[in-house]
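For reference, the structure discussed in these notes is given below.
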Amino acid sequence: MSNQAPNQARVIPLRPKTTPAPAPAAPVAPPVPTPKEPLFRDLVGDVLRRERLAQERTLKDVADAARISMPYLSELERGRKEASSEVLAAAAHALGLGLGDLLSLAQTELTRHTLSRTRTTTGTPYNGLCLVA
């Protein structure tokens, strides 16, 4: 008796074996994206633009008064650039505001965004009333 292996051919498939596709699962609703908090530069830019337009002033006029370039002021208003405190103060003063006034208005905008986001995520109605003790 010999200890030789049986004479069998080895088959190498040209295509991989296909497995049946799994049954489709029940459709899952996509998660509701949580709204992002606004960036500080966007809030400040909105305030600067709103104040400038309320005074019916041009970008050039305010930029000249603040001693900053008109394109830079435009980028600030659009939230494209982060400004230093000196630049923000200059822009605010050119609009007849103090730096504290500008930041206070930006904080009011942030509060408004936060309240609207809280209202939509919690589902709790908010009627705008606030009781103070």
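The values are calculated or read from the model by the stated rules, or taken from the named source; none is laboratory data. Nothing here was measured: the structure is a model prediction, and the numbers come from that model. Every residue, glycine among them, receives a Cβ derived from its backbone with ideal geometry; neighbour counts consider all protein chains shown. These accessible areas exclude ligands, DNA and RNA; they are computed on the full protein's heavy atoms, side chains included. Shrake-Rupley method; radii C 1.70, N 1.55, O 1.52, S 1.80 Å.
Annotations for the structure displayed:
- Only one of the numbered conditions (1) more than 21 Å from Arg112 (Cβ to Cβ); (2) open to solvent by 40 Å² or more (accessible area, probe 1.4 Å) is violated by Ala83, and that is (2).
Per-residue answers, yes or no, for (1) out of contact with any Asp or Glu (no Cβ under 8 Å at 6 or more places or on another chain); (2) in contact (Cβ under 8 Å) with a residue 40 or more places away in the chain; (3) open to solvent by 50 Å² or more (accessible area, probe 1.4 Å):
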position	(1), (2), (3)
Pro13	yes, no, yes
Thr18	yes, no, yes
Val44	yes, yes, no
Arg52	no, yes, no
Thr58	yes, no, yes
Arg67	yes, no, yes
Leu88	yes, yes, no
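- Number of the exception - Val28 against (1) under 25 Å from the mean Cα position of the chain (by Cα); (2) assigned to a loop (DSSP other than H, G, I, E, B); (3) free of Cβ contacts under 8 Å to residues at least 40 places away in the same chain: (1)
- Restricting attention to region 20-42 and to residues that are under 30 Å from Arg78 (Cβ atoms) and open to solvent by 100 Å² or more (accessible area, probe 1.4 Å), the residue that is modelled with the highest pLDDT turns out to be Phe40.
- Residue within region 66-74 that is among the polar types (S, T, N, Q), in contact with a helix residue (DSSP H, G or I) (Cβ under 9 Å, 6 or more places away or on another chain) and at pLDDT 85 or above present: yes
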